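Peer 1: Let me give you the structure first, and then I'll get to my questions.
The values are calculated or read from the model by the stated rules, or taken from the named source; none is laboratory data. Everything numeric in this text was worked out from a predicted model, so none of it was measured. For neighbour counting, all protein chains shown are included, and Cβ atoms are generated from backbone atoms with ideal geometry for every residue, glycine included.
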Amino acid sequence: MANSSIYEKIENKGALDAAKIREDGSNLATLQMQEAIDKANREIENLKEKQLKINNEKIKTKSTQIEQLAKQRTLFEKKKLIDETFERALKKLQELKDDELTNLVVKLLLQDFLDGDETIIVSKDDYKKYAKLFSSKSNGTELDILNKKLGNNFKLKLSNEPANINGGFIVIGRTYDINHSFTAILNEIKEKTEADVAVALFSKGK
């Protein structure tokens with residue numbers, strides 16, 4: 001009986017040790033699994049954060065591109081509208097009445113430092129109009145009416161050679177020429193006033 005009791009104790013202790021080992025092993029496995037899960041979750045969060053930064057950068061870059069394109073488009077449309085404004089101004093000049101055109105030509109020539117014997121060149125379409133307005137001669141090249149308006153020292157002539165312009169005239173002198181074509185006049189005005197025109201067209205409240 002004594003020996004049997006010792007064997008039972010050993011077996012019982014072995015059973016207890018085995019149970020303890022299984023419990024410890026289970027706890028360790030659970031701990032390791034939880035650590036693995038926590039690590040995986042951290043890695044997932046890091047990946048999500050990294051991807052979020054990448055996506056934010058992509059969104060920021062795309063937004064900047066869209067904003068730049070929008071600005072370029074807006075500037076293009078504004079430039080187009082300004083150009084259309086000056087095109088309408090050109091048409092208005094081309095439709096000047098005879099007295100308005102006469103006053104404009106005289107005003108421009110009086111502002112120039114002329115010798116008085118220069119030659120005026122106009123487009124083929126405007127030749128008859130200028131000859132009629134500024135000359136009483138049959139050939140139309142002697143601008144006696146215009147010279148009288150300008151003063152006694154003027155002996156301007158009208159060339160029968162056409163200028164490649166779209167309204168207005170060009171003064172041909174011995175040392176230099178002066179471009180008073182409507183396009184040149186408007187381009188000069190445009191350079192000086194384009195910013196003001198843009199403000200007038202696009203400012204808030206206008």
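Peer 1: Mind counting the residues in region 41-100 that are closer than 30 Å to residue 131 by Cβ and among the acidic types (Asp, Glu)?
Peer 2: The qualifying residues number 5.
Peer 1: Test each condition in (1) part of a helix (DSSP H, G or I); (2) in the same structural domain as residue 190 (by TED's automatic domain parsing); (3) surrounded by 10 or more Cβ atoms within 10 Å (Cβ to Cβ) for residue 85 and report the one that comes out false.
Peer 2: Of everything listed in (1) part of a helix (DSSP H, G or I); (2) in the same structural domain as residue 190 (by TED's automatic domain parsing); (3) surrounded by 10 or more Cβ atoms within 10 Å (Cβ to Cβ), residue 85 misses just condition (2).
Peer 1: Considering only residues of region 95-121 that are among the polar types (S, T, N, Q) and in a helix (DSSP H, G or I), which is surrounded by the most Cβ atoms within 10 Å (Cβ to Cβ)?
Peer 2: 102
Peer 1: Then there's this: Scan 147, 164, 153 and give me the residue that is assigned to a loop (DSSP other than H, G, I, E, B), polar (S, T, N, Q) and more than 21 Å from residue 93 (Cα to Cα).
Peer 2: Details: 147 fails: assigned to a loop (DSSP other than H, G, I, E, B); 164 fails: more than 21 Å from residue 93 (Cα to Cα).
Exactly one of 147, 164, 153 is assigned to a loop (DSSP other than H, G, I, E, B), polar (S, T, N, Q) and more than 21 Å from residue 93 (Cα to Cα), namely 153.
Peer 1: To continue, here is another question. Would you confirm whether or not region 156-175 contains a residue that is without any contact (Cβ under 8 Å) to a residue 12 or more places away in the chain and not assigned by TED's automatic domain parsing to the domain that holds residue 78?
Peer 2: yes
Peer 1: How many residues, within region 52-91, are hydrophobic (A, V, I, L, M, F, W, C) and within 30 Å of residue 190 (Cβ to Cβ)?
Peer 2: 9
Peer 1: Select from region 161-176 the residues that are closer than 13 Å to residue 112 by Cβ and modelled with pLDDT of 95 or more and write down the one among them that is surrounded by the fewest Cβ atoms within 10 Å (Cβ to Cβ). Let's see the steps before the verdict.
Peer 2: Pass one, region 161-176, residues closer than 13 Å to residue 112 by Cβ: 169-173, 175-176.
With the extra rule that they be modelled with pLDDT of 95 or more, the set shrinks to 169-172.
Values: 169: 24, 170: 20, 171: 18, 172: 16.
Here the answer is 172.
Peer 1: What number of residues within region 129-149 satisfy the criterion of being exposed (fewer than 12 other Cβ atoms within 10 Å of the Cβ) and at pLDDT 95 or above?
Peer 2: 0
Peer 1: Same structure again: So residue 106 passes all but one of these: (1) outside the structural domain of residue 156 (by TED's automatic domain parsing); (2) at pLDDT 95 or above; (3) of a type in the set (Val, Ile, Thr). Which condition number does it fail?
Peer 2: Of the numbered conditions (1) outside the structural domain of residue 156 (by TED's automatic domain parsing); (2) at pLDDT 95 or above; (3) of a type in the set (Val, Ile, Thr), the odd one out for residue 106 is (1).
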